[in-house]
Amino acid sequence: MEIAIEYLNLYRTALKSAELAYAPYSKFRVGAALLLADGSVVTGVNVENRSFGLTNCAERSAIYAAVSSGVKEFKALAIATPDAEYPVSPCGACRQVISEFMDDSVPVVFGNSEKTLIQTSVSKLFPFDALHELSEH
């Protein structure tokens, strides 16, 4: 599958943001770029802690930054893992947060380089999403 230029550019932004990651323990930098409905982009990086449970992933950092600015409509997400040997998809916690804020059809692009990019969607990352009806009450 050929990646649309819009998503390739979003990935390049994620890759650039990975340079700012705080990963002194794992040496595994991750950058995320979130395309907002208005066309602007919010980035995030992984921020580690000696207590790994307190570490925050790049995807969640970007989503939380956008939500903190009052934005909750997203068009696409790109994730760059330049230190990986293969494309690394979002972890389970990130998939849960992604599904909270993004429609099933939102494109997600991830990879360790432009040559290995994978394009999928929220519904393919998290196929058996549940409990959205809780927010309707």
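Readers should treat all values here as calculations from the given coordinates under stated rules, not as data from a laboratory. What you see is a predicted model; the values in this text were computed from it and never measured. All Cβ positions, glycine included, derive from the backbone under ideal geometry; neighbour counts span all protein chains shown.
Tabulated values for the structure
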item	result
For the range 27-137, the fraction of alpha-carbon pairs in successive 10 Å shells from zero, as %	14, 47, 33, 6, 0
Span-rule helices in the chain, defined as complete DSSP H runs reaching 18 Å or more along the axis (Cα) with Kyte mean at least -1.0	5-18
Listed residues Tyr22, Gln119, Val67: farthest to the positive end of the dipole of the chain (Cβ charges)	Tyr22
For the range 5-128: relative contact order, % (alpha-carbon pairs under 8 angstrom, 6 or more apart)	23
Violating pairs (Cα-Cα greater than 24 angstrom) within the set Lys27/Lys72; Lys27/Lys124; Lys75/Lys124; Lys16/Lys75; Lys72/Lys115	Lys27/Lys72; Lys27/Lys124; Lys72/Lys115
Sites matching trypsin sites (Lys or Arg not before Pro) across the range 13-91 that sit in DSSP coil, with at most 10 neighbouring C-beta atoms within 10 Å	Lys27, Arg50
Point-charge dipole on Cβ atoms (K/R +1, D/E -1) for the chain, about Cα centre, debye to 20	500
Extension gain from Thr55 to Lys115, taking 0.36 nm per residue of separation minus the Cα-Cα distance	18.8 nm
DSSP-assigned coil residues among GluC sites (Glu not before Pro) in the range 1-103, each with at most 10 further Cβ atoms within 10 Å	Glu2, Glu85
